[in-house]
1. Using the structure shown, decide if Gly23 is part of a helix (DSSP H, G or I) and at pLDDT below 85.
2. Between residues in the stretch 45-67 that are farther than 11 Å from Ile99 by Cβ and among the basic types (Lys, Arg) and residues that are modelled with pLDDT of 75 or more and in a loop (DSSP other than H, G, I, E, B), which pairs lie under 6 Å by C-beta distance while being six or more apart or on different chains?
3. Please tell me if Val3 is loosely packed, with under 10 Cβ neighbours inside 10 Å, without any contact (Cβ under 8 Å) to a residue 24 or more places away in the chain, assigned to a helix (DSSP H, G or I) and not small (Gly, Ala, Ser).
Amino acid sequence: MLVAIVVIVLVASISALVLSLGGKVVKTTTFQYRQEQAALLAKSYTELAIMAVINYDRNSSGNCIENVNGVVNNLVPGGSVPSGVSSTNGGGYDVQTRIYYLGKDLPCSSTRILNGSNTIATDYADGNASVGGAVAAILVDVFVRYKDPDAANPATAPWITYHHRTIQKI
């Protein structure tokens, strides 16, 4: 009888250990998946921003594209994203892309310095790198934000942010 009780306690302990490790593996896998999704979204939005800048006629309009933003999956755990879209189940991403222009004699409506605006006035433009002597390159900052869907209270869970920066000749 004593041996049976010891065996039952031993099996219960091993079962509890396996269950605990299984939960940790699932949580780690979910975190890695969310992080990889954020990285892929950042790369995709970087390419989208580059294509938008290349295809936009800055010279005739006098304006420059400054932002490319979006909400992916339309799902934010327990709250709303800055654009006002909300949901109570997890899995979504808020993507904010900021585009800064590097060069001199920029065709944008106003030349501003980087403190919260879109233009960095530099002498970067050389004969080979500039487009029509104006913009030589763009700096693209992409911020992908998401919340941990496994948080105890998703509405108050902090945002997790993935940042990707790219400089691209145009």
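1. Taking the combined requirement at face value, the residue satisfies it.
2. Within 6 Å, the pairs are Arg58/Cys64.
3. Yes; evaluated as a whole, the condition is true for this residue.
Listed here are the residues, each with its yes/no results for (1) out of contact with any strand residue (DSSP E or B) (no Cβ under 8 Å at 6 or more places or on another chain); (2) at pLDDT 85 or above; (3) exposed (fewer than 15 other Cβ atoms within 10 Å of the Cβ).
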residue	(1), (2), (3)
Gly127	yes, no, yes
Val131	yes, no, no
Val135	no, no, no
Val140	no, yes, no
Tyr146	no, yes, no
His163	no, yes, yes
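The values are calculated or read from the model by the stated rules, or taken from the named source; none is laboratory data. Since the model is a prediction, treat every value here as computed from it, not as a measurement. Don't worry about glycine lacking a Cβ; one is built from the backbone with ideal geometry, like all the others, and counts go over all protein chains shown.
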